[in-house]
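The values are calculated or read from the model by the stated rules, or taken from the named source; none is laboratory data. Worth saying up front: this structure is predicted, and the values here are computed from it rather than measured. Every residue, glycine as well, gets a Cβ built from its backbone with ideal geometry; the counts of neighbours run over all protein chains shown.
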Amino acid sequence: MTAPRNLLFFFGLAYFSQGLAGTLIQQPLAYYLKSEGMGAHHVAQALAFVALPWIVKPLYGLISDSLPLFGYRRKSYLVLATSLSTFGYLAISRLAAPHTILIVLLVTTLGIAAMDVLVDALMVEEGQKTGLIGQFQAQQWTWLNMASITAGALGGWLIEVSTPAGAMQWAALLIALAPLAVLTSTLRFIKEPRVVITEPLLASVSHHLMMAITSKHVWIMAGFLAFWNLIPNFSLPLYYHMTDQLQFGQGFIGQLHAVGAAAAAVGAVAYRKYLVKAVPLRFLLVLSIASSAATAFSYVLLNSPTSAQLLHILSGVVSMIALLTFFGLAASVCRPEAAAFTFALLMAIYSIAGQISAVVSAHLYQEVFEQNITPLILTAGSSTLLALLWIPILPLDRQRA
């Protein structure tokens, strides 16, 4: 068994890698595509295309659970996933054609998404053996937010000092170092016993599938998570609004992302230390939804760099508390025998809804509201309040993970 100290290092590094891959490329890529003449709705569609591998995350879990590779369910697949991501980002650092970049980025995202599923599976397995699930999760969230802080500041700086294409290529080159580090750590630290298949593949897959799809609580949570993430997401229109209307520099926008990530880290600590045990779940849900709606409405006050910083701090704290509350409830409905697949399924549904929301919101901003962000903000805030109607049917009596 891998030593807990090494596992803490590995989980922190893996989530830092995932966070860096997910955030450092975003602003340079959006800026590059914008410089190529793409509108907000077209950029949203391109980013949704790149995010497709996140939607099929449950498939990676089923394959890893049911079909060991070279005798290992996690380690061999981790080596494959991290290698794929490393070579993909190295390739992007040499490319300039937008469509080619998006296709290669799709492949690299496949590696990152698979790595996420495999690392979570290891976290559950090793956490159950050692009784350190809470410590492992805290380590993951801490370093994911650290990556977001780093990427937010670095992404804006790259845009300031380089051409649009150059900033995107340098971001890809830097990101390639992250999965490479995870690959090295996997080979060094992960001690996984070899397994032998004792059950037919089809029977094993069917068993895990039935556990998830026959649970009423799973489908209720799936519906709630889908509804929550279908609420209009104005993050990309907000980027266009800050760039074109408010004339914020790209470096400052990158700093805003870093500020928001730091605030999210504070929200995660507050949730873990002061909220999750002390506050009843029903009240915590109401608090999360109401504060999220208030935060959305408050963006109508955005008119200066100072207000932007304050709003990103507020949004970071509130969004992290809401996310941990909802994900904690989602984890509680997963049966232990199929927890990895079921949780991945819920997260896939959540991701699909988010991508649909991003595309629709960008279309509303560009075509319906004629690049006026205020109606989109009011729509998002009002829709958020409707999530309160879900509380009576949510499985609040389930024991939280």
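For every residue, the table says whether it meets (1) of a type outside the set (Ser, Thr, Tyr); (2) surrounded by 16 or more Cβ atoms within 10 Å (Cβ to Cβ); (3) under 16 Å from Pro395 (Cα atoms); (4) touching a helix residue (DSSP H, G or I) at 6+ places or on another chain (Cβ under 7 Å).
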{"residue": "Lys277", "(1), (2), (3), (4)": "yes, no, no, no"}
{"residue": "Ser291", "(1), (2), (3), (4)": "no, yes, no, yes"}
{"residue": "Asn303", "(1), (2), (3), (4)": "yes, no, no, no"}
{"residue": "Thr306", "(1), (2), (3), (4)": "no, no, no, no"}
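Only residues in the stretch 277-295 that are under 10 Å from Ala387 (Cβ atoms) and assigned by TED's automatic domain parsing to the domain that holds Leu311 count as the first member; pair them with residues that are among the polar types (S, T, N, Q) and in a helix (DSSP H, G or I), Cβ under 6 angstrom, at least 6 apart or cross-chain, and list the lot.
Ser288/Thr325; Ser292/Thr384; Ala293/Thr384
Being within 25 Å of Ala358 (Cβ to Cβ) and β-branched (Val, Ile, Thr) is the filter; apply it to the stretch 51-101 and report the residue that is surrounded by the fewest Cβ atoms within 10 Å (Cβ to Cβ).
Checked the stretch 51-101; the qualifying residue surrounded by the fewest Cβ atoms within 10 Å (Cβ to Cβ) is Thr100.
Test Tyr72 against the criterion of being over 30 Å from His363 (Cα atoms), over 22 Å from the mean Cα position of the chain (by Cα) and modelled with pLDDT under 90, and give yes or no. Steps first, please.
Details: over 30 Å from His363 (Cα atoms): yes; over 22 Å from the mean Cα position of the chain (by Cα): yes; modelled with pLDDT under 90: yes.
Yes, satisfied.
Would you mind listing the helices (runs of 4 or more DSSP H) fully within the stretch 1-57 where at least 1 residues are within 20 Å of Ala344 (Cα to Cα), in contact (Cβ under 8 Å) with a residue 60 or more places away in the chain and in contact with a strand residue (DSSP E or B) (Cβ under 7 Å, 6 or more places away or on another chain)?
Working: elements: 4-23, 26-35, 40-50, 52-55.
Passing ranges: none, list empty.
Would you check if Thr186 is of a type in the set (Val, Ile, Thr), in the same structural domain as Leu47 (by TED's automatic domain parsing), in a helix (DSSP H, G or I) and crowded, with 24+ Cβ neighbours inside 10 Å? It would help to see each step written out before you state the result.
Details: of a type in the set (Val, Ile, Thr): yes; in the same structural domain as Leu47 (by TED's automatic domain parsing): yes; in a helix (DSSP H, G or I): yes; crowded, with 24+ Cβ neighbours inside 10 Å: yes.
In short, yes.
From the list Leu110, Leu106, exactly one residue is within 17 Å of the chain's Cα centre (by Cα), surrounded by fewer than 17 Cβ atoms within 10 Å (Cβ to Cβ), assigned by TED's automatic domain parsing to the domain that holds Leu173 and not charged (D, E, K, R). Which is it?
On the way: Leu110 fails: surrounded by fewer than 17 Cβ atoms within 10 Å (Cβ to Cβ).
Being within 17 Å of the chain's Cα centre (by Cα), surrounded by fewer than 17 Cβ atoms within 10 Å (Cβ to Cβ), assigned by TED's automatic domain parsing to the domain that holds Leu173 and not charged (D, E, K, R) holds for just one of Leu110, Leu106, which is Leu106.
Of the residues Ser351, Ser357, which is among the hydroxyl-bearing types (Ser, Thr, Tyr), modelled with pLDDT of 90 or more and in a helix (DSSP H, G or I)? Quick ask: steps written out before the conclusion?
Details: Ser351 fails: modelled with pLDDT of 90 or more.
Criteria check complete, one pass: Ser357.
Among residues belonging to the stretch 154-169 that are surrounded by fewer than 19 Cβ atoms within 10 Å (Cβ to Cβ) and hydrophobic (A, V, I, L, M, F, W, C), point out the one that is farthest from the chain's Cα centre (by Cα).
Val161
(1) in a helix (DSSP H, G or I); (2) touching a Ser or Thr at 6+ places or on another chain (Cβ under 6 Å); (3) at pLDDT below 90; (4) over 30 Å from Ile289 (Cβ atoms): which one isn't true of Ser206, the others all being true?
Condition not satisfied by Ser206: (2).
Sort out which residues of the stretch 263-306 are over 25 Å from the mean Cα position of the chain (by Cα), among the β-branched types (Val, Ile, Thr) and at pLDDT 95 or above, and write them in order of number.
Val300, Thr306 - these are the residues of the stretch 263-306 that are over 25 Å from the mean Cα position of the chain (by Cα), among the β-branched types (Val, Ile, Thr) and at pLDDT 95 or above.
Being basic (Lys, Arg), in the same structural domain as Leu376 (by TED's automatic domain parsing) and farther than 25 Å from Ala147 by Cα, is that true of even one residue in the stretch 253-274?
The initial filter retains those residues of the stretch 253-274 that are basic (Lys, Arg), namely 272-273.
Checking which are in the same structural domain as Leu376 (by TED's automatic domain parsing) leaves us with 272-273.
Next cut, farther than 25 Å from Ala147 by Cα only: none.
Within the stretch 253-274, not a single residue is basic (Lys, Arg), in the same structural domain as Leu376 (by TED's automatic domain parsing) and farther than 25 Å from Ala147 by Cα.
Considering each of Leu24, Leu13 in turn, give the residue that is buried (at least 20 other Cβ atoms within 10 Å of the Cβ), closer than 17 Å to Asp120 by Cβ and among the aliphatic types (A, V, I, L, M). Please lay out each step first, then the result.
Numbers: Leu24 fails: closer than 17 Å to Asp120 by Cβ.
So the residue among Leu24, Leu13 that is buried (at least 20 other Cβ atoms within 10 Å of the Cβ), closer than 17 Å to Asp120 by Cβ and among the aliphatic types (A, V, I, L, M) is Leu13.
Test of understanding: among Ile321, Ile313, which residue is buried (at least 22 other Cβ atoms within 10 Å of the Cβ), out of contact with any Pro (no Cβ under 8 Å at 6 or more places or on another chain), among the β-branched types (Val, Ile, Thr) and modelled with pLDDT of 85 or more? Walk me through it before giving the result.
Working: Ile313 fails: buried (at least 22 other Cβ atoms within 10 Å of the Cβ).
Result of the check over Ile321, Ile313: Ile321.
Quickly run through the stretch 5-35 and pick out the residues that are modelled with pLDDT under 85 and in contact with a Pro (Cβ under 7 Å, 6 or more places away or on another chain).
Across the stretch 5-35, there are no qualifying residues.
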